Amino acid sequence: MSVSVALPYYTASLALLLAFAILRFLFCTLVFRKLVVKLFIKFAGCEISQEVYGNSLFGWEMYKAVTDSLMIVLQRKAKAGTEAPNPSLVSADGHSRTHLLDFAKESRPLVVNFGSCTCPVFMERLREFGEIMADFSDIADFLVIYISEAHPTDGWAFKTEFDVKQHRSLEERIEAAQLMLNASKLQAPVLVDSTENEANRAYGALPIRLCIILNGRVEFTAVWGPLFTKHKRSGGG
């Protein structure tokens with residue numbers, strides 16, 4: 001780990017540990033519970049029932065998940081204005097291998113959506129993503145890449161319809177991607193990240209991320225995870 005990564009990582013990890021301790025205390029008191037829940041929903045960017053995340057907020061599993069994601073973000077290569085990384089990917093049926101930039105066409109934006117079925121924010125926004133794709137498919141191309149689980153049952157687990165552990169093999173990741181496809185009825189091409197998590201690491205994708213690639217370069221990359229970002233539709237180009 002380089003100094004340029006280690007210093008912000010350990011500084012942020014210590015700050016998060018202190019913040020989590022305070023927020024966990026507040027979450028355990030009735031007076032501040034509603035305030036803490038509102039704070040979490042604001043960060044998530046959409047309404048999530050407390051039945052989904054239960055009492056997991058600001059606990060140890062959440063802390064580990066956030067710091068793991070932070071490490072990936074700090075080491076990512078894809079940043080706005082840089083050359084777009086070209087990680088290897090696998091088709092959702094597992095029958096073929098390809099690379100991300102194989103789906104990019106000259107002078108057409110490629111909108112790439114990273115996520116997993118155990119993230120309720122990602123699943124909620126897939127509906128919006130499908131609508132945007134339908135509106136703008138004449139001027140842009142769209143791709144979904146299935147990455148590591150955001151909330152696996154053996155980690156920071158959420159109570160959703162998807163009972164998925166963190167993937168130990170490519171076959172398990174493909175099975176999870178099929179669950180997402182069956183639930184969302186998504187029409188966009190879906191690719192699966194490699195077991196080495198090439199796409200996840202290159203784009204700092206965990207837990208979710210939206211990127212736009214144009215002419216081989218990263219034109220736009222959303223804020224880390226779901227923080228204050230939404231898929232927006234407009235009548236313009």
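Kirkwood hydrodynamic radius of the range 100-237 from all distinct Cα pairs, in Å?
Radius from the Kirkwood sum: 15.2 Å.
Please calculate how many Å² of accessible area the chain carries per residue, with a 1.4 Å probe and no DNA, RNA or ligand atoms counted.
52
Separation between the L30 and D93 pseudo-spin-labels, each 7 Å from Cα along Cα→Cβ, expressed in nm?
According to this spin-label approximation, the distance is 5.7 nm.
Would you kindly give the portion of the calculated P(r) for the chain that falls above 31 Å, as a percent of all Cα pairs?
Pairs farther apart than 31 Å: 22 percent.
Report the calculated FRET efficiency for N55 and L101 (r = Cβ-Cβ distance, R0 = 35 Å), to the nearest 0.05.
In this case the efficiency is close to 0.25.
Do any GluC sites (Glu not before Pro) in the range 26-73 lie in a loop, going by DSSP, with at most 12 other beta-carbon atoms within 10 Å of their beta carbon, and if so which?
Those satisfying the criteria are E47.
For D154, D68, give the ranking by accessible area with the largest first, probe 1.4 Å.
Largest to smallest exposure gives the sequence D68, D154.
How are the alpha carbon pair distances in the range 1-78 distributed across 10 Å bins from zero to the largest one, expressed in percent?
All Cα pairs, binned at 10 Å, distribute as 17, 44, 28, 11, 1 percent.
Starting from the Cα-Cα distance between A15 and E128, subtract it from 0.36 nm times their residue separation and give me the gain in nm to one decimal.
Stretched out fully, the A15 to E128 stretch lengthens by 37.3 nm.
For the chain, give the percent of accessible area contributed by carbon and sulfur heavy atoms, probe 1.4 Å, rounded to a whole number.
Answer for the chain is 58 percent, counting heavy atoms of protein chains only.
Could you tell me the accessible area of T160 in Å² (1.4 Å probe, neighbours in place), rounded to the nearest ten?
The accessible area of T160 comes to roughly 50 Å².
Using alpha-carbon positions, what is the distance between the centroids of the range 1-29 and the range 164-225, in Å?
26
Take every DSSP beta bridge with both residues inside the range 1-145 and express the antiparallel ones as a percent of the total, to the nearest 5.
45
How large is ³J(HN,Hα), in whole Hz, for each residue of the range 151-163 in order, when computed from phi with the Karplus curve 6.51 cos²θ - 1.76 cosθ + 1.60 and θ = phi - 60°, using x for Gly and Pro?
Result, ordered by residue: 9, x, 5, 9, x, 6, 7, 10, 8, 10, 6, 9, 9 Hz.
Given the options C211, C119, C28, state which has the largest fluctuation in a GNM of the chain using a 10 Å cut-off (strictly under) for Cα springs.
C28
Could you work out [θ]222 nm for the chain from helices alone, using -39500 (n - 2.57) per DSSP H run of at least four and dividing by all its residues? Round to the nearest 500 deg cm²/dmol.
-13500 deg cm²/dmol
Treating the Cα atoms of the range 46-176 as identical point scatterers in vacuum, please give the log10 of the normalised Debye intensity I(q)/I(0) at q = 0.11 Å⁻¹, two decimals.
-0.48
List the pairs from K38/K79; K64/K159; K34/K64; K34/K185; K79/K105; K79/K159 whose alpha-carbon separation is above 28 Å, in the order I gave them.
Over 28 Å apart, Cα to Cα: K38/K79; K34/K185; K79/K159.
At 0.36 nm per residue, and after removing the present C-alpha to C-alpha distance, how many nm does the segment from E196 to N215 gain when stretched out fully?
4.2 nm
So what is the orientation-averaged projected area of the range 49-114, using the convex hull of its C-alpha atoms, in nm²?
The number I arrive at for the range 49-114 is 7.5 nm².
Nearest-5 percent of antiparallel DSSP beta bridges in the range 94-237?
55
The values are calculated or read from the model by the stated rules, or taken from the named source; none is laboratory data. All values derive from a computational prediction rather than experimental measurement. So basically every Cβ, Gly included, is an ideal-geometry build from the backbone, and we count neighbours across all protein chains shown. Surface areas here come from the heavy atoms of the whole protein model, side chains and all, with no ligands, DNA or RNA. Shrake-Rupley method; radii C 1.70, N 1.55, O 1.52, S 1.80 Å.
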